[in-house]
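I have placed the structure first, in the form of structure tokens, so that the comments after it can refer back to it.
The values are calculated or read from the model by the stated rules, or taken from the named source; none is laboratory data. Remember, predicted model here, so these are calculated numbers, not experimental data. Ideal geometry is used to build each Cβ from the backbone, glycine not excepted, and the neighbour counts take in all protein chains shown. Side chains included, ligands, DNA and RNA excluded: accessible areas come from the protein's heavy atoms. Shrake-Rupley method; radii C 1.70, N 1.55, O 1.52, S 1.80 Å.
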Amino acid sequence: MAFLLNGNPLAVDVPFTVGDTNYPANWLRLTTKAEKEAIGITEVADAPMYDSRFYWEDGTARAVDDVNETDENGNLVKNIDGSQRVKLGVKTILKAQEKDIAKSLLNEYDWQVVRKAEKGIEIDSAIVTYRDGIRTAYTTRKTEIDNCADTAALVTLYDRKEDGTPNMTQYPEDPYSTQPF
């Protein structure tokens, strides 16, 4: 909640003066709405916060799918090589982020793959299972994103259920993340 005094913002937890009266820093927190209004303070609702993955700052939903870019006259905009310029939609951006996550998870144990290729030393079976799980989760997550028809569906997918469990398929846990060395 924000407060205005004579149309000017009034900071919470900061002392202020109205006329000849000085008010302590905690006054706004301790008083009623009527007490504030009596000296000319009005309450203003905080501006809503929107998840920038899905919405613009004004609350307008971002485009879910890729769209061909056009100029102010509606003409298609081309890249310097003559190909169509495309504005990436939320789905494309989220799938690229998922790819980065999967890549990062796989990279952690790439050394075992290299060791096998160079020295013939077998990859730990728990790591093989883990890496396969990452690939499966990544593929499933891309499909879950693609299956969303609109912004509301994407928001729900990335949100959690009432019991706190995720709606989206989760990446497997690293089999060695909790084991001390």
Probe 1.4 Å, protein heavy atoms only - accessible area per residue of the stretch 4-58 in square angstrom: 74
Nonlocal amide H pairs with residue 89, under 5 Å, H built at 1.01 Å: 66, 67
C-alpha center-to-center spacing [the stretch 1-30, the stretch 45-112] in angstrom: 42
Average Cα contact separation per residue, the chain, under 8 Å, 6 or more apart, as relative contact order %: 13
Segments 133-141, 47-55 sorted - mean Cβ within 10 Å per residue, highest first: 133-141, 47-55
Protein accessible area in the chain, 1.4 Å probe - carbon and sulfur %: 52
Helix 110-119 axis, angle to the chain major axis (alpha carbon atoms, nearest 10°): 20
Dipole magnitude (debye, nearest 20) for the chain, charges at Cβ of Lys, Arg, Asp, Glu: 500
Net +/- balance of residues flanking residue 27 in space, Cβ distance below 10 Å, scoring K and R +1, D and E -1: 0
Calculated from backbone phi, Karplus (6.51, -1.76, 1.60) coupling profile of the stretch 130-136 in Hz, x at Gly/Pro: 4, 5, 5, x, 4, 4, 5
Length released on extending from residue 118 to residue 22, taking residue separation times 0.36 nm less the Cα-Cα span: 26.9 nm
Nearest-10 value in Å² for the accessible area of residue 56, using the 1.4 Å probe: 130
Residues with amide H under 5 Å from that of residue 18, placed H, sequence gap 5 or more: 23
